[in-house]
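The values are calculated or read from the model by the stated rules, or taken from the named source; none is laboratory data. Treat the numbers as computed from the prediction; the structure is a model and nothing was measured. Ideal geometry is used to build each Cβ from the backbone, glycine not excepted, and the neighbour counts take in all protein chains shown.
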Amino acid sequence: MNIQRVPYICTQCTTQIIRTPLRRSQRHLLPQRVWQRHNSHFVQTDRPFRVAIVGSGPAGFYAAYRLLAKVDDAVVDMYEKLPVPFGLARYGVAPDHPEVKNCEEKFTEVAASPRFNFIGNIELGESLPLQTLKPHYDAILFAYGAPKDKELGIPGEKALRNVYSAREFVGWYNGLPEHRDLAPDLTAGESAVIVGQGNVALDVARILLSDVDTLRKTDIAEYAVDELVKSKIKRVHVVGRRGPMQAAFTIKELRELLQLPSVSFEPVRKELFPPEDVMASLPRAQKRLIQLLAKGSTNDPATSTKSWSLDFLLSPECLNWSPVHPYRLSHVKFSRNELDPSDPYISSAKVMPKHLSDGRRAEVNIHANTFFRSVGYKSLPLPGLEDIGVQFDTKRGVIPNDGFGRITSPVNTGANEPLPDGSIISHLPGLYCAGWAKRGPTGVIATTMTDAFTTADAVAADWSGHRGKGSLLNGPGHSSGLGWEGVRPEAEKRGLRATTWQDWEHIDAAERERGQQLGKTRAKFGRVAEMLEVVN
Amino acid sequence: MSLWKDSFLNLRHAVPRTVSGDRICRTQSKRFLTYSSQNSRLIAQNSIPLQTRKSTSSICQQRSWNGFKTGRRDFSATAGVRHGHITPPKPGEEINVSFLDKDGEKYDFQVSEGDNLLDIAQANDLEMEGACGGSCACSTCHVIVEDPDAFDKMEEPSDDENDMLDLAFGLTETSRLGCQVIMNKDLDGLVVRLPSMTRNLQASDFEPKK
């Protein structure tokens, strides 16, 4: 191997250190195998296993964590579009859930490993083609999540005022640079309608209904607090297509909303709940959720300042503007649904349109001044994925994979392997995925952790089976093994300024300091330029 | 060919903070760190001569090594100390607790009153995650109490804990969150099982999502 290719080595330092033997008292700090290697003239012929992870959210970090733990010689380079790490842990988790963000401590520990490099402010596929990475890595793991959200496809949805995507709204109040300029108008009137009944919808409802002074102390963006103070919203409808048994939110988020002080909850109609015998046979989680929903809130509507409701079995049809004020949203028209009577209480139950006795569709208008759509996130193919042989599954919104995170080719262009049942699975060697890009935008951090561990285990298993045979990703002689060192000249040629983990530490410290002055844990920088100003 | 790889490892070992802070590759060191302040002092003493060596080589490293940011290690060393802190039991007041890992292997520990299962597991390098740092906001420290009678002896899980357990994989009748089970004398001899951190694939994983 040509010494020119070797990254990270300063010959002056290495000679200095090689001459200094390891003290006996320090041996216990090292695994025995390494210690023996250090003290014998063991010849290590292979080079580190270079892995690129695309995306620095929980999926990327948990995969890195597991991989570094499982593969002694793995060196991970983590690429991130923004100058700062943590993805949705930083920009998706609600500001009033600081305990959920504690996972960042673990990620910080992972980043402290000398075998980990953070490469921020590099948007792969956009500012730097994926192709430039391929020759320098042994494996690439995609954990870039779900950067868009699903649309309803109803008239009026694309309006510029008073109609927002919940994903953008969440990004906005969390200080995501992409949505810094969303400037939602919360002063149009008292009524807000959220379509969708997942946890994002409940997060949005909670932010709209919470006391601003409680939020002020969190790491919520200051500009968001300024807008929320002006908010006139007092009534929030969270509307779903199906019934309570099919709702996607989890019990913690529901309980929080039901416990908000001075916020009342409109009780759910009793006929929507399953009868006693069905209730008794429900799985524990679902039973507890329905029981809580039936119990509702103890807050008296008469003394509460704000209120909310869960409106079931309604599909949005169109948004309507006021005839007097053509720029003001006035109401949303919904058509009523009914659950498939054959099995209305299973979580996968289907709905059908409800018709009136004269055959017309049953409809209802809900007064709305502000509208949010919250019907799920959507993963997109990273530009250039097809150049490295990956065919994104647009129908399922995921990167096709074997469930363990190995990317597969639907058209059998990869390495074909027969499965025990006789079918053929076509792997693309060295390409992996984890998190929402792998299994779609559902689940909590624990789900993503389990999933990222599964992928990392697959990477580790493939590498151990392949050891000594060169790169997983590239054919023999086509892999430099340089990692970021090999990619950097390309990035510099394009005038990109990559941020390091140290840069993030500086930004982090600056944000905490700003936060301290404002009496909060952190005051995030809302623009990329502001972040880079700290480190330049 | 082997030179640089070898020196790569050597460089890693030469920096004490790396070794003590890097819990990922050096699980051994974590156990060392988390026990008591006495041990921490030992680490500090050990690190002095090596620290000097680090500073002499750091200029070179900064020039030619992008990946090795020596400065960041101080940051992680504190995090390592903070997690999984348990108090060593006083003689005669030890409480026995056993963990069964996903392969069925049993690990027995003697712990003191007031420690929780998550901290005990982490201090002893068992495979248990506490994504939310033990604040009952995730389900990653899910454990299964082996003996239903022992489960009944425990205090009822709170609503918050049950809400999180509802999201745990492989939930059972005797599931608890490790961070919420605080050891006391009544729980002497407790045996808990750690569910697998990775999930077996299910048919639903391959179904098209709407």
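Before moving on, here are some points about what is shown:
- Residue match in segment A:426-435 (condition: within 30 Å of B:Ala168 (Cα to Cα) and within 12 Å of chain B (Cβ to nearest Cβ)): yes
- One residue from A:Thr394, A:Thr370 being hydroxyl-bearing (Ser, Thr, Tyr) and under 30 Å from A:Ser127 (Cα atoms): A:Thr394
- Pairs where the first residue, in segment A:396-422, is more than 19 Å from A:Ala460 (Cα to Cα) and the second is at pLDDT below 80 and not in a loop (DSSP other than H, G, I, E, B), C-beta under 6 Å, 6+ apart: A:Asn416/A:Ile424; A:Pro418/A:Ile424
- Test: residue in segment A:29-52 that is within 24 Å of the chain's Cα centre (by Cα), under 29 Å from A:Glu104 (Cβ atoms) and modelled with pLDDT of 65 or more: yes
- Residues satisfying the stated conditions in segment A:232-288, i.e. away from chain B (no Cβ under 14 Å), more than 28 Å from A:Ser342 (Cα to Cα) and either in contact with a strand residue (DSSP E or B) (Cβ under 6 Å, 6 or more places away or on another chain) or among the hydrophobic types (A, V, I, L, M, F, W, C) (or both): A:Ile233, A:Lys234, A:Arg235, A:Val236, A:His237, A:Leu260, A:Val263, A:Ser264, A:Phe265, A:Glu266
- Among the residues making up segment B:89-131, those that are in a loop (DSSP other than H, G, I, E, B) and among the basic types (Lys, Arg) are B:Lys90, B:Lys102.
- Some residue of segment B:85-101 being facing chain A (nearest Cβ under 9 Å) and at pLDDT below 95: no
- B:Glu146 vs. criteria surrounded by fewer than 20 Cβ atoms within 10 Å (Cβ to Cβ) and in contact with a helix residue (DSSP H, G or I) (Cβ under 9 Å, 6 or more places away or on another chain): no
Yes/no per residue for (1) buried (at least 21 other Cβ atoms within 10 Å of the Cβ); (2) in a loop (DSSP other than H, G, I, E, B); (3) among the basic types (Lys, Arg):
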{"residue": "A:Ala446", "(1), (2), (3)": "yes, no, no"}
{"residue": "A:Met449", "(1), (2), (3)": "yes, no, no"}
{"residue": "A:Thr455", "(1), (2), (3)": "yes, no, no"}
{"residue": "A:Asp462", "(1), (2), (3)": "no, no, no"}
{"residue": "A:Lys469", "(1), (2), (3)": "no, yes, yes"}
{"residue": "A:Leu472", "(1), (2), (3)": "yes, yes, no"}
{"residue": "A:Pro476", "(1), (2), (3)": "no, yes, no"}
{"residue": "A:Asp508", "(1), (2), (3)": "no, no, no"}
{"residue": "A:Gly515", "(1), (2), (3)": "no, no, no"}
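- Per-region count, segment A:85-134, residues part of a loop (DSSP other than H, G, I, E, B), within 16 Å of A:Val54 (Cβ to Cβ) and of a type in the set (Val, Ile, Thr): 1
- Selection status of A:Glu485, acidic (Asp, Glu), touching a residue at least 24 places away in the same chain (Cβ under 8 Å) and either closer than 30 Å to A:Glu530 by Cβ or more than 10 Å from chain B (Cβ to nearest Cβ) (or both): yes
- Any hit, segment A:342-356, residues being crowded, with 17+ Cβ neighbours inside 10 Å and within 14 Å of chain B (Cβ to nearest Cβ): yes
- Just one of (1) closer than 25 Å to A:Lys148 by Cα; (2) assigned to a loop (DSSP other than H, G, I, E, B); (3) touching a strand residue (DSSP E or B) at 6+ places or on another chain (Cβ under 6 Å); (4) not acidic (Asp, Glu) fails for A:Asn412. It is (1).
- Residue match in segment A:481-491 (condition: more than 27 Å from A:Val459 (Cα to Cα) and in the same structural domain as A:Ile388 (by TED's automatic domain parsing)): yes
- Among the candidates A:Ala146, A:Ala188, residue that is under 21 Å from the mean Cα position of the chain (by Cα) and crowded, with 19+ Cβ neighbours inside 10 Å: A:Ala146
- Exactly one residue among B:Asp149, B:Asp166 is at pLDDT below 95 and more than 7 Å from every other protein chain (Cβ to nearest Cβ), and that residue is B:Asp149.
- Among the candidates A:Ser479, A:Ser423, residue that is among the hydroxyl-bearing types (Ser, Thr, Tyr) and within 13 Å of chain B (Cβ to nearest Cβ): A:Ser423
- Scanning segment A:338-355 for residues that are under 31 Å from the mean Cα position of the chain (by Cα) and either among the polar types (S, T, N, Q) or not assigned by TED's automatic domain parsing to the domain that holds A:Val239 (or both) yields A:Ser347, A:Ser348.
- Residues in segment A:415-439 that are among the hydrophobic types (A, V, I, L, M, F, W, C) and either in a strand (DSSP E or B) or surrounded by 17 or more Cβ atoms within 10 Å (Cβ to Cβ) (or both): A:Ala415, A:Ile424, A:Ile425, A:Leu428, A:Leu431, A:Cys433, A:Ala434, A:Trp436, A:Ala437.
- Considering segment A:289-315, the residues that are farther than 19 Å from A:Pro184 by Cβ and part of a strand (DSSP E or B) include one that is farthest from the chain's Cα centre (by Cα), namely A:Ser307.
Per-residue answers, yes or no, for (1) modelled with pLDDT of 95 or more; (2) within 24 Å of A:Leu176 (Cα to Cα); (3) not assigned by TED's automatic domain parsing to the domain that holds A:Gly519:
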residue	(1), (2), (3)
A:Thr214	no, yes, yes
A:Lys230	yes, yes, yes
A:His237	yes, no, yes
A:Arg242	yes, no, yes
A:Phe265	yes, no, yes
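- The lone exception for A:Val204 - which of (1) surrounded by fewer than 22 Cβ atoms within 10 Å (Cβ to Cβ); (2) among the β-branched types (Val, Ile, Thr); (3) within 23 Å of A:Arg167 (Cβ to Cβ) it fails: (1)
- Single residue of B:Asn116, B:Asn162, B:Asn124, B:Asn184 found to be under 24 Å from B:Pro88 (Cβ atoms) and in contact with a Lys or Arg (Cβ under 8 Å, 6 or more places away or on another chain): B:Asn124
- Enumeration of residues in segment A:206-259 that are in a loop (DSSP other than H, G, I, E, B) and within 23 Å of the chain's Cα centre (by Cα): A:Thr218, A:Asp219, A:Ile220, A:Ala221, A:Gly240, A:Ala247, A:Ala248, A:Phe249, A:Thr250
- Residue that is farthest from the other protein chains (Cβ to nearest Cβ) [pool: residues in segment A:387-407 that are closer than 23 Å to A:Lys148 by Cα and assigned to a strand (DSSP E or B)]: A:Ile407
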